[in-house]
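Any read-out appearing in this document is the output of simple, stated calculations on the displayed coordinates, not a laboratory observation. Since we're looking at a predicted model, the values are computed, not measured. Counting neighbours? That spans all protein chains shown, and the Cβs are built from the backbone with ideal geometry, glycine included.
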Amino acid sequence: MEKKLKAYFVDGDWDRGTGFAVIAHSAKEAKKMMYGREGLDMNDWIELHVKWIRDAIVDGCHHGQTFESESEMLDAMYRGMYGPTEHMKCPNCGTDDVYVQEIYDGVFGCSACEDELTKEDINNPYKKKASEVA
Ligand SMILES: [Zn+2]
């Protein structure tokens, strides 16, 4: 039987929350996969922290998948693996280099979009529009 895939957040600097999500079978394996990875602040084995992202949507993810490019990071935000992220392109209005966060339940955008989006404008591929839930 296939072991269940889980999403882990591997972080070199626990306080700042900078790190990457990775798909693995265990925390130990996730840590091994990300050890020495460019972009992590700390690459000491001891300093590397791993946290299981319990509520992440892992459907369609593959073993060893990481979320490092901007499009991958946005995908990870939709999947509930990343919190608000700076220096992103807004998935709603397309403005570059903005702070992107969840502005409604399952809806992501920049602060300028926050007032304009409605529940019907859901841009998250993993969430259903209110009209589809019925
Ligand atoms: Zn926007």
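One chain, two ends: GLU70 and ALA27. Fully extended at 0.36 nm per residue, the span grows by 13.1 nm beyond their Cα-Cα distance. Looking at the stretch 44-103, the GluC sites (Glu not before Pro) that sit in a DSSP loop and have at most 16 other Cβ atoms within 10 Å of their own Cβ are GLU47, GLU68.
Within the shell of other residues whose beta carbon sits under 13 angstrom from the beta carbon of MET33, the net charge comes to +3, with Lys and Arg scored +1 and Asp and Glu -1. Here each label is just a point 7 Å from Cα along the line to Cβ, and for ALA112 and ARG37 those points are 3.1 nm apart.
Pairs with C-alpha atoms separated by more than 22 Å, drawn from the list LYS28/LYS127; LYS6/LYS32; LYS6/LYS51; LYS31/LYS127; LYS3/LYS127; LYS6/LYS28, are LYS28/LYS127; LYS31/LYS127; LYS3/LYS127.
Extension gain for TRP45 to GLU102 (0.36 nm times residue separation, less C-alpha to C-alpha distance): 17.3 nm. Enumerate the residues in the stretch 76-92 having an amide nitrogen under 13 Å from the point lying 7 Å beyond the Cα of THR18 toward its Cβ. Answer for the stretch 76-92: 86-87.
When a/c reaches 1.5 or more, the comparison of a/b and b/c decides; with that in mind, is the stretch 1-67 rounded, prolate or oblate per its Cα gyration tensor? Judged from the Cα gyration tensor, the stretch 1-67 comes out prolate (a/c at least 1.5, a/b above b/c).
Taking 0.36 nm per residue of separation and subtracting the current Cα-Cα distance, fully stretching the chain between ASP55 and CYS93 would add 11.0 nm.
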